[in-house]
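Working notes, structure below.
The values are calculated or read from the model by the stated rules, or taken from the named source; none is laboratory data. Worth saying up front: this structure is predicted, and the values here are computed from it rather than measured. Reconstructed Cβ throughout: ideal geometry from the backbone, glycine too, with neighbour counts over all protein chains shown. Just so you know, the surface numbers come from the protein's heavy atoms only, side chains and all, with ligands and any DNA or RNA stripped out. Shrake-Rupley method; radii C 1.70, N 1.55, O 1.52, S 1.80 Å.
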Amino acid sequence: GGIPRSLEALLASPKFVLRVEEDRANAPGGVYRLSDLELASRLSFFLWKSIPDDDLLQLAEREQLSKPDVLAQQVRRMLADERSTRFLNDFSGQWLEVRNISSQQPALQFQFDPTLRDAMARETELFFQSQVRDDRPIQDLLRANYTFLNERLAQHYGVEGVFGSHFRRVTLTNEDRFGLLGQGSVLVRSPGVAGLP
């Protein structure tokens, strides 16, 4: 009777299902400073797609999170955490359109199968994660001399000495493969280019 109905009402409540934000209609120009708790929530849902952890909440409750040095330290901590992987993969997937690789059809001589498509997408995800987590300069997105390969992708690129399905960081010697612009997931949009060693 009463308990199931109460649970049903709770679970159907917009405040339970959605994150409701306070509307500050009296703020000039609609611009206002977030509280530390609001900042913790937005930061956590943005970088982790989840609720803030205890460290973030404790800093927010003590009104320390909005201090620039504390905020920068927390962003670095959150990006280093495995929970940020989903955000990083979603970001690179949308920005570089890696998600669309399954719809690309390069020249037939490149034996472009689902395993190779997946490997190309994974290379870009791992590369982008490493760039962000290592706090690399933005220029390294285009000039980094390393990538992440497994045997299938290494063979496709003509890189020797990589065996097995496990992805590992590999130093590149072919400057045409440096950075994002040398990766198959980006190059496959130009038919025939992604297969060049």
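Can we say GLN64 is at pLDDT 95 or above and part of a loop (DSSP other than H, G, I, E, B)?
Answer is yes for this residue.
How many of the residues making up the stretch 152-187 are within 13 Å of GLU123 (Cα to Cα) and assigned to a helix (DSSP H, G or I)?
Of the residues in the stretch 152-187, 13 are within 13 Å of GLU123 (Cα to Cα) and assigned to a helix (DSSP H, G or I).
Go through the stretch 138-158 and give me each residue that's under 15 Å from ASP118 (Cβ atoms) and not aromatic (Phe, Trp, Tyr).
Across the stretch 138-158, the qualifying residues are LEU149, ASN150, GLU151, ARG152, LEU153, ALA154, GLN155, HIS156.
Can you tell me which residue is farthest from ASP90 (Cα to Cα) among those in the stretch 43-61 that are within 20 Å of the chain's Cα centre (by Cα), in a helix (DSSP H, G or I) and not small (Gly, Ala, Ser)?
LEU43
Cβ contacts < 7 Å: first residue more than 12 Å from GLY179 (Cα to Cα) and of a type outside the set (A, V, I, L, M, F, W, C), restricted to the stretch 129-141; second residue open to solvent by 20 Å² or more (accessible area, probe 1.4 Å) and part of a helix (DSSP H, G or I), any location; separation 6+ or different chain. Result?
GLN129/THR85; ARG133/LEU79; ARG133/ALA80
With the requirement that a residue be over 21 Å from SER130 (Cα atoms) and hydrophobic (A, V, I, L, M, F, W, C), what does the stretch 46-70 give you?
Once the filter is applied, which keeps residues that are over 21 Å from SER130 (Cα atoms) and hydrophobic (A, V, I, L, M, F, W, C), the stretch 46-70 yields ILE51, LEU56, LEU57, LEU59, ALA60, LEU65, VAL70.
Do you know which residues across the stretch 18-51 are at pLDDT 90 or above and either among the small types (Gly, Ala, Ser) or in contact with a strand residue (DSSP E or B) (Cβ under 9 Å, 6 or more places away or on another chain) (or both)?
We begin by selecting, within the stretch 18-51, every residue at pLDDT 90 or above; these are 35-51.
Answer for the stretch 18-51, where residues must be at pLDDT 90 or above and either among the small types (Gly, Ala, Ser) or in contact with a strand residue (DSSP E or B) (Cβ under 9 Å, 6 or more places away or on another chain) (or both): SER35, ALA40, SER41, SER44, SER50.
What's the total number of residues in the stretch 67-106 that are modelled with pLDDT under 90 and open to solvent by 90 Å² or more (accessible area, probe 1.4 Å)?
The number of residues fulfilling the criteria is 5.
Answer with yes or no whether PHE178 is touching a helix residue (DSSP H, G or I) at 6+ places or on another chain (Cβ under 9 Å) and crowded, with 17+ Cβ neighbours inside 10 Å.
yes
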